[in-house]
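The next block holds one structure in the form of structure tokens; read it before the comments.
Just so it is clear, none of the values below were taken in a lab; they were calculated from the coordinates. Every value quoted in this text rests on a predicted model; they were computed, and no experiment measured them. A quick note on method: Cβ atoms are made from the backbone with ideal geometry, for glycine too, and the neighbour counts reach across all protein chains shown.
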Amino acid sequence: MEPCTGVLLAGGRNTRFSGENKAFVSVGGKRMVDRIYGVFSKIFDEILIVTNDPLDYIDLDASIVGDIYPVRSSLTGLHAGLFYASRPYAFFSACDTPFISRDLLVGIMTEVDPSHDIVLPETEAGLEPLCAVYSKRCLHIIETLIQQNTFKIQALFRRVRLKKLPPDRIARLDPHGFSFFNVNSHEDRSRADRVAAGLQRETQ
């Protein structure tokens, strides 16, 4: 596999969770950030956390970095992660996907090659840009987009060499599709607790 940095995009306070940092919302008795970090730490020797609340993450063995551009968006998070990553590629994950699969992550990374700038999964729901590998070659294109006040990740896709991993390939790597389960509400959290309990029973 190509050398790769693991980057966690950690949002700040979230109004849907009464101002609580969503990364620290507990799912199945464990913070979401700890669940993702646990997977990252088994794969990456360099882990970055992109956040504007750095003191919240000092208990994790990772490099804490902030957005370089003041506008909050996923694209500025990608920019910061690629800017600070010392490896030629970076795998990005959002902080609200507590069930990211190691098999899926490794499967995506094995598809990285110099002829593509981004490798990302495609599910029946569409592309998954925050569970993907980006080359540092994307950095200058992202900078141009931000300077043009364009903050949609899809705008980046039109300007790079994109490798999409089809739904059937992704289903083999993550049969339940839990890696793409985002916790965005209290209802999602309740469902996530049930998923966590079910996964725990499977491993017992």
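If we count every other residue with Cβ under 10 angstrom of SER179's Cβ, Lys/Arg +1 and Asp/Glu -1, where does the sum land? Don't jump to the answer; show the numbers that get you there.
Numbers: positive: ARG102; negative: ASP103, GLU128, ASP174.
Net of charged neighbours comes to -2.
Using a Förster radius of 30 Å, what is the FRET efficiency between VAL106 and ARG161 based on their Cβ-Cβ separation? Nearest 0.05, please. It would help to have the intermediate numbers written out before the result.
On the way: r = 22 Å, r/R0 = 0.73.
The calculated FRET efficiency here is 0.85.
Rounded, prolate or oblate for the chain? Axes are the square roots of the Cα gyration tensor eigenvalues, ordered a ≥ b ≥ c, and the cut-off for rounded is a/c under 1.5. Mind showing how you got there, number by number?
Details: a/c = 1.57, a/b = 1.20, b/c = 1.31.
Here the chain falls in the oblate category.
How large is ³J(HN,Hα) for each residue in region 161-172, as worked out from phi by the Karplus curve 6.51 cos²θ - 1.76 cosθ + 1.60 (θ = phi - 60°), to whole Hz, x for Gly and Pro?
8, 9, 10, 9, 8, x, x, 5, 5, 5, 5, 6
Run the numbers for GLN148 and THR203: contour at 0.36 nm per residue of separation, minus the present Cα-Cα distance, in nm. Present the calculation step by step, with values, prior to reporting the outcome.
Numbers: separation 55, 0.36 × 55 = 19.80 nm, distance 4.87 nm.
The GLN148-THR203 span can extend by a further 14.9 nm.
Let's see if you can work this out: charge +1 on each Lys and Arg Cβ, -1 on each Asp and Glu Cβ, no other charges. What is the dipole magnitude of the chain about its Cα centre, in debye to the nearest 20? Show your work: numbers first, answer last.
Values: 24 positive and 25 negative charges, 71 e Å.
Charge dipole, the chain, about its Cα centre: 340 debye, nearest 20.
Could you pull out every residue, at least 5 positions away or on a different chain, whose amide H is within less than 5 Å of the one on GLU128? Hs are placed 1.01 Å off N in the peptide plane, and Pro or chain starts have none.
Long-range HN contacts for GLU128: THR123.
Can you order the peptides 173-179, 161-167 by their average number of other Cβ atoms within 10 Å per residue, highest first? Write down the numbers at each step before the final one.
On the way: 173-179: 17.7, 161-167: 15.6.
Per-residue Cβ counts within 10 Å, averaged per peptide and sorted highest first, yield 173-179, 161-167.
Hey, what number do you get for the chain at 222 nm if only DSSP H runs of n ≥ 4 count, each worth -39500 (n - 2.57), divided across all residues, to the nearest 500? Kindly include the intermediate steps, with their values, before the conclusion.
Details: 7 runs with 67 residues, N = 204.
One gets -9500 deg cm²/dmol as the mean residue ellipticity at 222 nm.
Along region 64-81, what does the Karplus equation 6.51 cos²θ - 1.76 cosθ + 1.60 (θ = phi - 60°) give for ³J(HN,Hα), rounded to whole Hz, x for Gly and Pro?
9, 10, x, 4, 7, 8, x, 6, 8, 6, 4, 5, 5, x, 4, 4, 4, x
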